[in-house]
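So the structure is just underneath, and the comments pick up after that.
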Amino acid sequence: MLIKTLPVGHLETNCYIVTDENTLESVIIDPGAESNTILNYIEENGLKPKAIFITHGHFDHVTALSGVREATGAPVYVSKKDVCPPGLRTMHRLIEDDSFNYWKEGDSVTVGSMTFTVMETPGHSRGSVTIRCEDVLFTGDTLFRDSCGRTDLEGGDMGQILESLLRLADLEGDFEVYPGHGDSSTLDRERRFNYYINYARMQKERK
Ligand SMILES: [Zn+2]
């Protein structure tokens with residue numbers, strides 16, 4: 001599994017291109033902006049995009065979605081909780097589309113030799129997910145290196161994100177962590193140093 005990070009747009013959203021090196025079949029995670037940057041990388045490396053995954057529906061993670069989808073024809077996977085009906089336009093959520101595949105907790109998608117499994121990790125938004133593949137977690141805006149996503153936008157909930165962070169921290173073994181913004185990390189590192197994970201533990205122990 002080869003992971004390419006492309007920070008795109010003025011919020012530097014991490015768009016990840018995950019590739020099975022043997023078949024060159026790939027997945028695009030969060031085409032946040034700059035469809036040309038994303039499509040150029042795919043073309044230059046002769047990749048075969050088979051799916052587009054959305055960690056959550058905020059605009060900075062989906063602005064290049066229509067362009068990338070049109071060019072690749074790849075199916076889109078997203079949580080239904082993060083899309084809204086066309087009449088209800090909002091900056092912060094993706095607009096409903098009949099062709100989307102709505103995934104839920106525990107669903108898996110296989111591309112080449114890679115199997116991706118969904119964990120629902122709400123808190124930053126209602127439909128935020130973490131995507132797990134082998135020993136890698138794509139955490140979107142749920143878990144960042146040393147931090148976590150904001151919870152003051154519509155659908156955000158501090159109590160929920162703390163629970164989601166605990167779920168991640170309680171996974172067995174270590175993982176590489178690829179967040180929606182900023183540098184990558186490891187789960188062990190975040191278990192030790194992430195303030196929000198430790199705060200969530202303290203809150204739980206108090207109950
Ligand atoms: Zn977000």
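Brief remarks follow.
- Of residues in region 26-79 being aliphatic (A, V, I, L, M) and touching a residue at least 60 places away in the same chain (Cβ under 8 Å), the one nearest to the ligand (Cβ to nearest atom): Ile29
- Looking across region 112-139, just one residue is at positive phi and either crowded, with 19+ Cβ neighbours inside 10 Å or at pLDDT below 95 (or both), and that is Gly123.
- Number of the exception - Thr55 against (1) farther than 23 Å from Glu105 by Cα; (2) out of contact with any Leu (no Cβ under 7 Å at 6 or more places or on another chain): (1)
- Yes/no for Val109 being within 13 Å of the chain's Cα centre (by Cα) and modelled with pLDDT of 95 or more: no
- All of Asp97, Asp107, Asp82 fail the test of being within 16 Å of the ligand (Cβ to nearest atom) and either under 20 Å from Asp141 (Cα atoms) or without any contact (Cβ under 8 Å) to a residue 60 or more places away in the chain (or both), apart from Asp82.
- Residue in region 24-38 that is out of contact with any Lys or Arg (no Cβ under 8 Å at 6 or more places or on another chain), in a loop (DSSP other than H, G, I, E, B) and aliphatic (A, V, I, L, M) present: yes
The values are calculated or read from the model by the stated rules, or taken from the named source; none is laboratory data. The structure displayed is predicted, hence computed values, not measured ones. With ideal geometry, Cβ positions are generated from the backbone for all residues, glycine too; neighbour counts draw on all protein chains shown.
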